[in-house]
Amino acid sequence: MEKVKFLYTKEDGSTTERTLLNPFFLKEATNSLTDLDNNSVNYVKGHELNKEGLNESDISEYEEAVQEYYELEKKSLSEFLLHVGLDPKRILEKCFKKQGVKEFKILK
């Protein structure tokens, strides 16, 4: 599963570091492209883990479960996380405007 890390600057000027699992790149909300460098890309979308209160082992468990889901399951991600005993409210699907993305790194 691909993982990316980047700094995101919101329209209000605040900047946060973000990590997305299984990212994809969009021209519009429904058109998936292959990489951020494509000039048609306007958004980066993927799943973000709420890491508050989790240790590295917990984080790895969530990341591995998301990877397993995409490799094996046809259930919704929420159903699958419940099935493996994890809280689906911790995995949030997020979409970020490309113009706010800086220092974009693909982590493998």
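If you scan segment 63-89, which residues turn out to be under 12 Å from the mean Cα position of the chain (by Cα) and within 27 Å of Lys10 (Cα to Cα)?
Of all residues in segment 63-89, those under 12 Å from the mean Cα position of the chain (by Cα) come to 63, 66-67.
Selection gives Glu63, Val66.
Can you pull out every residue in segment 39-78 that is surrounded by 13 or more Cβ atoms within 10 Å (Cβ to Cβ) and not in a helix (DSSP H, G or I)?
Val41, Asn42, Tyr43, Val44, Lys45, Gly46, His47, Glu48, Leu49, Lys51, Leu54, Glu73
Show the residue pairs that are 6+ apart or on different chains and have beta-carbon atoms under 8 Å apart, the first residue being within segment 87-108 and within 16 Å of Glu2 (Cβ to Cβ) and in contact (Cβ under 8 Å) with a residue 40 or more places away in the chain, the second being among the hydroxyl-bearing types (Ser, Thr, Tyr) and assigned to a strand (DSSP E or B).
Listed by first residue and then by second, the contacts come to Phe96/Tyr8; Phe96/Tyr43; Val101/Tyr8; Leu107/Thr19.
Go through (1) modelled with pLDDT of 80 or more; (2) within 19 Å of Lys108 (Cβ to Cβ) one by one and return the number of the condition Asp35 breaks.
Result: Asp35 passes all but (1).
Suppose we keep only residues that are at pLDDT below 90 and assigned to a loop (DSSP other than H, G, I, E, B) within segment 5-27. Which one would you say is farthest from Leu107 (Cα to Cα)?
Glu11
Of the residues Val41, Val84, Val101, which is modelled with pLDDT under 85 and of a type in the set (Val, Ile, Thr)?
Values: Val84 fails: modelled with pLDDT under 85; Val101 fails: modelled with pLDDT under 85.
From the options Val41, Val84, Val101, the qualifying one is Val41.
So which residues in segment 79-108 are surrounded by 13 or more Cβ atoms within 10 Å (Cβ to Cβ) and in a loop (DSSP other than H, G, I, E, B), if there are any at all?
Val84, Leu86
Residue pairs, Cβ under 6 Å, 6 or more apart or interchain, first in segment 62-80 and more than 17 Å from Lys51 (Cβ to Cβ) and charged (D, E, K, R), second part of a helix (DSSP H, G or I) and modelled with pLDDT of 80 or more. List them.
Note: pairs meeting the criteria are Glu73/Phe80.
Looking at the structure I just gave you, is Ser76 farther than 23 Å from Ile106 by Cβ, of a type outside the set (Phe, Trp, Tyr) and modelled with pLDDT of 85 or more? Before the answer, list the steps.
Values: farther than 23 Å from Ile106 by Cβ: yes; of a type outside the set (Phe, Trp, Tyr): yes; modelled with pLDDT of 85 or more: no.
No.
The values are calculated or read from the model by the stated rules, or taken from the named source; none is laboratory data. Here the structure is a predicted model, which is why all the values come from computation and not from measurement. All Cβ positions, even for glycine, are placed from backbone atoms using ideal geometry, and neighbour counts span all protein chains on display.
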